[in-house]
Amino acid sequence: MLTSESIVEELGVKGSERIRALYARHGMAPELSLGVLVGDLKPIAKAIKGRQELACQLYETGLCYVQPLLAQAKAAARKIPAASPNGCGAACKLPDAAGAIAKAEAAGKIGKKKKTIRC
């Protein structure tokens with residue numbers, strides 16, 4: 001039976017320093033990466049498909065390819081200028097990207113999905 005510990009151990013064996021350095025060049029913190037290729041993750045994703053608790057446990061380990069993206073999303077959102085309806089005449093209310101991220105974070109919705117985690 002798969003557990004989060006056994007999966008992390010298996011990924012550690014498959015990881016390499018070369019891939020970890022590649023992910024670091026692309027902005028991922030090296031301590032959060034096991035240096036595993038996405039192709040090596042796919043069979044594991046298939047094996048845990050539909051097991052919400054296990055997927056959540058793996059996410060909570062912090063060794064995730066999604067969590068580091070939050071800081072990058074915040075930085076990108078700060079650079080995006082406020083959107084305007086471009087004179088469309090409609091009563092458009094366009095959300096502020098940084099505000100939307102802050103609202104989701106304050107509500108505790110970062111990293112959580114409404115129903116299930118799909119791999």
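Just so you know, all these numbers are worked out from the coordinates, no wet-lab data involved. Everything numeric in this text was worked out from a predicted model, so none of it was measured. Neighbour counts are summed over all protein chains in view; Cβ atoms, including those assigned to glycine, are modelled from backbone coordinates with ideal geometry.
Here are some notes:
- Viscosity 1.002 mPa s, temperature 20 °C, Stokes-Einstein D of region 1-66 from Kirkwood C-alpha radius, µm²/s: 176
- Violating pairs (Cα-Cα greater than 25 angstrom) within the set K79/K103; K14/K74; K46/K103: K14/K74; K46/K103
- For the peptides 8-15, 73-80, the ranking by packing is 8-15, 73-80, with the highest mean count of neighbouring Cβ atoms within 10 Å listed first.
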